[in-house]
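None of the figures in this text is laboratory data; all of them are computed from the coordinates on show. Quick caveat: nothing in here was measured; it's all calculated off a predicted structure. Using ideal geometry, Cβ is built from the backbone for each residue, glycine included, and neighbour counts are taken over all protein chains shown.
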């Protein structure tokens, strides 16, 4: 009895198998490429987000300490001096109330140096205006045993402070810096001034005795700046960095 050819089963030829294998390989390669691209894009996006988070945190900390300080003594391209707070409440510049905000280019860090007594009670060591107005002098005057440092940011490719700050006229302080955590540099800019500056303490005319009915010092000269701050972050391309 002859078998019906309509129901006969025919095996695949070698050419058909090769074509099927080639198509399968192409589809698999395309799928792997797509998955890799999506994964890389996700990693890049996460890296940029992490870099921006680190930069905004550093900006917030720097502008916060400047805004809340009693005064800014000196501003150099890589450091500035601060009268952080009048913790002794005597309207006098105490060495244990000062700090130096600086950029450590070697370790690529933003650092705040300050002094704090081990006992928790700060000695009443008066700091002169000359010392407060010089980053190097103030840093050298800080007792080594009581000196503390806080790192606010790492992987900082560059940082520059600018401003016309002085003890006689506390002005705006601006900082620009570049964070590069994962190979994608992001630029930041922040600016701030003391919210309640104690400039009046450094003016001779304000040291006169107050009026009989007054319970406060005469404050004839106070900084016009008042705690303004600005935060921004911009991704930098290799071309922009080369400019």
To the nearest 0.05, the calculated FRET efficiency linking residue 157 and residue 64 through their beta-carbon distance, R0 being 25 Å, is 0.65
Simple spin-label estimate for residue 137 and residue 149 in nanometres, 7 Å along Cα-Cβ
2.4 nm
Could you give the distance between the Cα centres of the range 140-156 and the range 50-101, to the whole Å?
12 Å
Once fully extended, how much extra length lies between residue 189 and residue 174, figured as 0.36 nm per residue of separation less the alpha-carbon to alpha-carbon distance?
4.7 nm
